[in-house]
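The values are calculated or read from the model by the stated rules, or taken from the named source; none is laboratory data. As the structure is a prediction and not an experimental result, all values here were calculated from the model. Because the Cβ atoms are built from the backbone with ideal geometry, glycine has one as well, and the counts that use them run over all protein chains shown. The protein model used for the area step is the full one, side chains on, heavy atoms only, and it has no ligands, DNA or RNA in it. Shrake-Rupley method; radii C 1.70, N 1.55, O 1.52, S 1.80 Å.
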Amino acid sequence: MSAAPSLDASLIKALSHPLRWRIMETIVDRGETSPVELARVLDEPLATVSHHTRVLRDNGCIELTRTEPRRGAVEHYYRAIMPAFFDDEQWGQLPVVLRRGLAGPVFRRIFEEAAAAGGAGGFDDPGAYLSRTVVELDERGWQELSALLTDVLERAQAIQERSDARRGDDADARTSEIVLMHFELAGGDDRPRRSPPPA
């Protein structure tokens, strides 16, 4: 799979506003949507959402897919043209303050959705997966694991594209969420060290 595009300064600036990031997330989740629908879903004024949608469009994050007449106006529909996730290189290009600003809302959303799914039986299916593993890695191992997780996400996108092609306009699909996290534990230096395996 080809490498994800490099992030230029204007794109980083476009993604730096918290509402623009929420708009991007919603467009990625829905596949296609309009500022009118975004304003309703995000509970924000239409004028504000329209402004931030234009910024995202002008900076190459989203593109216009179609228009539809609506009560004397024209509703514009957009789709994301940015990848659904940042690879290591792209994440490294974002300022640290932006990385930290993006992490909090994403974590909150993951926990809220996972808790709701757990209460509604979302983890009952044998195909559902939930796991937590703590590993202790040298720098090379850290990079290897990060590359593996990026590959998993790229493969998931390819599976999504093949599924879309098979389904066409048929709406019969199961909506699921993939969450992969790889992060250094807070206070990691205070944890007892693992003993290396015997030679």
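Let me know the shape class of the range 20-166, please: from the alpha-carbon gyration tensor, a ≥ b ≥ c as square roots of the eigenvalues, rounded when a/c is under 1.5, otherwise prolate if a/b is greater than b/c, or oblate. Write down the numbers at each step before the final one.
On the way: a/c = 1.87, a/b = 1.56, b/c = 1.21.
Prolate shape, in that a/c is at least 1.5 and a/b is the bigger ratio.
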> To the nearest 10 square angstrom, what accessible area does E44 show with a 1.4 Å probe?
Replying inline: 60
> Based on the Cβ-Cβ distance from R79 to S50, what FRET efficiency comes out when R0 is 22 Å, to the nearest 0.05?
Replying inline: 0.85
> Tell me, in nm to one decimal, what length is gained between R167 and Q93 on full extension, where the rule is 0.36 nm per residue of separation less the Cα-Cα distance?
Replying inline: 23.0 nm
> Between A147 and R132, 0.36 nm times their residue separation minus their Cα-Cα distance comes to what?
Replying inline: 3.6 nm
> Name the trypsin sites (Lys or Arg not before Pro) in the range 92-154 that are in a loop by DSSP and that have at most 15 other C-beta atoms within 10 Å, would you?
Replying inline: R132
> Once the piece of chain linking T67 and A186 is laid out straight, how much longer is it, given 0.36 nm per residue of separation minus the C-alpha distance between them?
Replying inline: 38.1 nm
>> Rolling a 1.4 angstrom probe over the protein chains, ignoring ligands and nucleic acids, what is the accessible area of D151 in square angstrom, nearest 10?
In response: 60
> If Lys and Arg each add +1 and Asp and Glu each add -1, what is the summed charge of the other residues whose beta carbon sits under 15 Å from the beta carbon of V179?
Replying inline: -2
> Given the protein chains as shown and a 1.4 Å probe, how many square angstrom of E89 are accessible, to the nearest 10?
Replying inline: 120
